[in-house]
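Trainee: Here's a structure for you.
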Amino acid sequence: MSALDPAAADLAKRAAAARAVSMVTEGMRVGLGSGSTSAWFTRLLAERMAAEGLRVSAVPTSSGTARLAAELGVPLTRIEAVGRLDLTVDGADEFDPALNLIKGGGAALLQEKIVAAASARLVIIADPVKRVPRLGAFPLPVEVVRFGWPVTRKAIEDALAPLGLAGRRTSVRQGAAGPLVTDEGHHIIDLHLGEIPDVPALAAALTAIPGVVEHGLFVGMADCVILGYPDGTAEVLNRLGVAPRAVIDIDAEMRDEDA
Ligand code: 5RP
C-alpha cells in the first residue's frame, strides 16, 4: 500500500492500538513496545487504567517508552523482576504474509526482541503501509558493538553475497553527534536490501557474525498482527500455517469474554 498522509496513518495506528488494549486484563504483565504506534498503546492503556482501575505491571522496551509510561502513570518494572510476560504489544516497520517482521526503525530492536522472546504472546500493531509481500524495502537494522564496528560492517557486507544480496548498500545510523548510540550502548548498521530472498537464512547469517548483537528480523515471533485503518476499524491477522508458538484467535477470545 502506498503511504498514508500523517493524519490518516495516526488514525490507523490508534485503531490498531485500541484493539490491542482491549486484550489486557487485570494483573497482566505487559511488554510495552517502542515507536509511534506503540505510543498509542501506552496512552490508551493508561486511559483504561485511569477509567477502570485496571492494574498491570509493564516492562518498557526503550528509554523513550519508559519516559512516556512514567509520565502517564503506568507502573513500570524490570524484565528480570517478572521473568515472563503475559503479553507484549509492539509496532513493526514491515510484516510479510508469514508475519515475519522487520523492526528497529526506532533503534530499540534489542530490548524489543528480548521482551518479545520472554512473552507468552507478541501482538504487533500496524497501519496498512507496513504490510508487504516480501520483507526488505525498509532498511534492515543490525545492532553491533562499538568495538571494531567497521570490521563488523565489512563482515556483514561479505555475508550478504551468498544470500543473493551481493553489493547491497549499508549505512551507519547517525545520531546528533556522529553514529547513533542505542540504549544498550551500541551502533546500528542499516542494510538497504530491497527484497530479502530467504529471511531465516539471512537471520542466521547475521547472528553468526562476531560483533553483531542482534538484528531486526523477528522470524516466527509474532502471534498476530492487528492492522488498523484510518476509519477506526481494525483487522486481526493470525499467524497460521507456520509452526505456531501460540496461535490465538483474538476474535474468538473476545467473543467468549463478551458472552
Ligand atoms: C522501534 C520499532 C518500531 O516498532 C517500528 O520502528 C515501528 O515504529 P512506528 O510505530 O513509529 O511506525 O521497531 O525500534
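The values are calculated or read from the model by the stated rules, or taken from the named source; none is laboratory data. Since the structure is predicted, the reported quantities are computational estimates derived from the model, not experimental observations. When we count neighbours, we look across all protein chains shown, and the Cβ atoms used for this are built from the backbone with ideal geometry, even at glycine. We work out accessible area using only protein heavy atoms, side chains counted, and drop any ligands, DNA or RNA first. Shrake-Rupley method; radii C 1.70, N 1.55, O 1.52, S 1.80 Å.
Trainee: Condition test on Arg131, is it basic (Lys, Arg) and either open to solvent by less than 40 Å² (accessible area, probe 1.4 Å) or closer than 22 Å to Thr37 by Cα (or both)? Walk me through it before giving the result.
Mentor: On the way: basic (Lys, Arg): yes; either open to solvent by less than 40 Å² (accessible area, probe 1.4 Å) or closer than 22 Å to Thr37 by Cα (or both): yes.
It is true that Arg131 is basic (Lys, Arg) and either open to solvent by less than 40 Å² (accessible area, probe 1.4 Å) or closer than 22 Å to Thr37 by Cα (or both).
Trainee: While we're looking at this one, here's another question. At least 2 residues that are free of Cβ contacts under 8 Å to residues at least 60 places away in the same chain and either within 16 Å of the ligand (Cβ to nearest atom) or not assigned by TED's automatic domain parsing to the domain that holds Gly185 (or both) in each: list the strands (runs of 3 or more DSSP E) lying fully within region 55-129 that qualify. Can you show your working first?
Mentor: On the way: elements: 57-60, 87-90, 122-126.
Per the criteria, 57-60, 87-90.
Trainee: Would you mind stating whether Ala12 is touching a Gly at 6+ places or on another chain (Cβ under 8 Å) and either without any contact (Cβ under 8 Å) to a residue 12 or more places away in the chain or more than 30 Å from Thr182 (Cβ to Cβ) (or both)?
Mentor: On the way: touching a Gly at 6+ places or on another chain (Cβ under 8 Å): yes; either without any contact (Cβ under 8 Å) to a residue 12 or more places away in the chain or more than 30 Å from Thr182 (Cβ to Cβ) (or both): no.
Against the criterion (touching a Gly at 6+ places or on another chain (Cβ under 8 Å) and either without any contact (Cβ under 8 Å) to a residue 12 or more places away in the chain or more than 30 Å from Thr182 (Cβ to Cβ) (or both)), Ala12 does not qualify.
Trainee: Do the conditions hold for Leu11, that is, is it part of a helix (DSSP H, G or I), open to solvent by 70 Å² or more (accessible area, probe 1.4 Å) and either within 11 Å of the ligand (Cβ to nearest atom) or at negative phi (or both)?
Mentor: The answer is yes for Leu11.
Trainee: To continue, here is another question. State whether the residues of region 138-160 include one that is open to solvent by 10 Å² or more (accessible area, probe 1.4 Å) and within 16 Å of the ligand (Cβ to nearest atom).
Mentor: For region 138-160, residues open to solvent by 10 Å² or more (accessible area, probe 1.4 Å) and within 16 Å of the ligand (Cβ to nearest atom): present.
Trainee: A further question follows. If the requirement is being within 18 Å of the chain's Cα centre (by Cα), of a type outside the set (Phe, Trp, Tyr) and modelled with pLDDT of 95 or more, which of these qualifies: Lys130, Lys154?
Mentor: The match here is Lys130.
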